[in-house]
Amino acid sequence: MIWSDDARNMDERHIVQSILKPGIPVVITDLHQRIVGVNHDWVVMCKYTSMEAFGNSPKILQGELTNRDIALNFSMEMLCGNSAFAALINYKKDKSVFTNHIYGWKLGDLLVAETYA
């Protein structure tokens, strides 16, 4: 997991670490939808390093076949405090395509998304 500042988000990091499930790729964004954390499983799945992902939007996974309306609805539901589910065509760093089944929720000032690809 990476974070913007070791002195920030201590409570959120503790909570997030306690909910991570082994083998489930997770990406965490701030309320501006900038990636502030990814776990090892997400790095392996998407082929972006944590440093490459940090500060970017999850849009780095979008491409020609990604349904942007579904992606927007997913993020809006989470921003409104609702849990959300979406199935999207996404792209890894090497441009290979995968089906991304995402379950997400809001946790304080963080948006957490588990991926079931």
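The values are calculated or read from the model by the stated rules, or taken from the named source; none is laboratory data. Note that the structure is a prediction, hence the values are computed from the model and not measured. A quick note on method: Cβ atoms are made from the backbone with ideal geometry, for glycine too, and the neighbour counts reach across all protein chains shown. For accessibility, only protein heavy atoms count, side chains too; no ligands or nucleic acids. Shrake-Rupley method; radii C 1.70, N 1.55, O 1.52, S 1.80 Å.
In the range 89-115, how many are under 14 Å from the mean Cα position of the chain (by Cα) and free of Cβ contacts under 8 Å to residues at least 24 places away in the same chain?
2
State all residues of the range 80-106 that are surrounded by fewer than 15 Cβ atoms within 10 Å (Cβ to Cβ) and closer than 13 Å to residue 29 by Cβ; if no residue qualifies, say none.
none
So, in the range 43-73, of the ones that are under 16 Å from residue 30 (Cβ atoms) and in a helix (DSSP H, G or I), which residue ends up least open to solvent (accessible area, probe 1.4 Å)?
Among those that are under 16 Å from residue 30 (Cβ atoms) and in a helix (DSSP H, G or I), it is 53.
Tell me which residues, restricted to the range 80-117, are more than 16 Å from residue 42 (Cβ to Cβ), small (Gly, Ala, Ser) and either assigned to a loop (DSSP other than H, G, I, E, B) or touching a Ser or Thr at 6+ places or on another chain (Cβ under 6 Å) (or both).
Within the range 80-117, 81, 83, 108 qualify.
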